[in-house]
1. When the expected Rg is taken as 2.2 N^0.38 Å, what fraction or multiple of it is the alpha-carbon Rg of the chain?
2. Roughly to the nearest percent, how much of the accessible area of the chain is carbon and sulfur, given a 1.4 Å probe?
3. Can you compute the charge dipole magnitude of the chain about its Cα centre, using +1 on each Lys and Arg Cβ and -1 on each Asp and Glu Cβ, nothing else charged? Give it in debye, rounded to the nearest 20.
4. How about region 1-50: which trypsin sites (Lys or Arg not before Pro) there lie in a loop by DSSP and see at most 12 other Cβ atoms within 10 Å?
5. Over the chain, what relative contact order in percent results from Cα pairs under 8 Å that are six or more residues apart?
6. If you average the C-alpha positions of region 186-245 and of region 4-57 separately, how far apart do those two centres end up, in angstrom?
7. Could you pull out every residue, at least 5 positions away or on a different chain, whose amide H is within less than 5 Å of the one on Tyr135? Hs are placed 1.01 Å off N in the peptide plane, and Pro or chain starts have none.
8. Helix by helix through the chain, keep the DSSP H runs that span 30 Å or more along the axis on Cα and average at least -1.0 on Kyte-Doolittle, and give those back in order.
Amino acid sequence: DRSKVMAFDLTAACSGFLFGVVTAAKFLEGGNMKNALVLGADALTRWVDWDDRNTCILFGDGAGAMVLTTEEEEEGDDEVENGSEKSNDLAGFGVLGFAAHSDGDGYDELKCIYRGEPKSITTPGEGTIVHDGSYDLMTMNGRKIYSFATREVPTVITEALEQAEITVDQVDWLLLHQANIRIMEVVADRLGIPMEKVITNLYKYGNTSAASIPLALDEAVRSGKVKKGDVIACAGFGAGLSWGAAILKWG
């Protein structure tokens, strides 16, 4: 019965899927829900400026999804809800730890702002002006976003690792929002993670915003690269400015 399912939108651009996973995990930890379907989707080709070759070639459209569910440990009788129970051997699957931030002072560096067209409607007196809502084309300051991402993403991943009570050496895979390969290289280097552990498919689809993490993860799982029990450090970053990280144990 679909009417028994709670569904809602969470808008956070390139951080959206990561924020959605953390939100779903918290609902599952509450104990009233058993399963969550998190979808990340964006159609950025609708909003890029096709006359600006510096940005339009970077973006693509895409959608991806992940199911989170409450689990029981294979060994032992203790129920583990979405990885909320942790031990030194990383017992339990799901979200082991997370951290998230935003800074509205940086909104101008990457934005797709509201654009309203005034429209007069007939009402008593002199009438009323309302607005037909739309959005302007997306704009991005690439250098500022690069500096922001390479500065904040290593820090937020470290925060998430600390909450998960694990070290970077216990991470099997690093999965970042697929925005820029150079950002991935710098973040991996600052964390001390070799590029062989970095999951990327940027060269196939470009920057698909909220879809980029689930798209890359899906391919890594289907190819056999990511296996059950692997620990994945994920991070999303983008418009807002917003950024966050989650440490996942794949189950």
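The values are calculated or read from the model by the stated rules, or taken from the named source; none is laboratory data. All figures in this text were calculated on a predicted structure; none of them were measured in a lab. Methodologically, a virtual Cβ is constructed for each residue, glycine included, from the backbone with ideal geometry; neighbour enumeration extends over all protein chains shown. Remember, those area values only see protein heavy atoms, side chains included, never the ligands or the DNA or RNA. Shrake-Rupley method; radii C 1.70, N 1.55, O 1.52, S 1.80 Å.
1. Normalised Rg, Cα atoms only: 1.12.
2. Details: 6680 of 13890 Å².
For the chain, the apolar C and S fraction of the accessible surface comes to 48 percent.
3. Result for the chain is approximately 880 debye, rounded to the nearest 20.
4. Values: sites: Arg2, Lys4, Lys26, Lys34, Arg46; in loops: Lys34.
The qualifying sites are Lys34.
5. It comes to 29 percent, rounded to a whole number.
6. Rounded to whole Å, the Cα centres lie 15 Å apart.
7. Here Arg115 satisfy the definition.
8. Result, helices passing both filters: 142-164.
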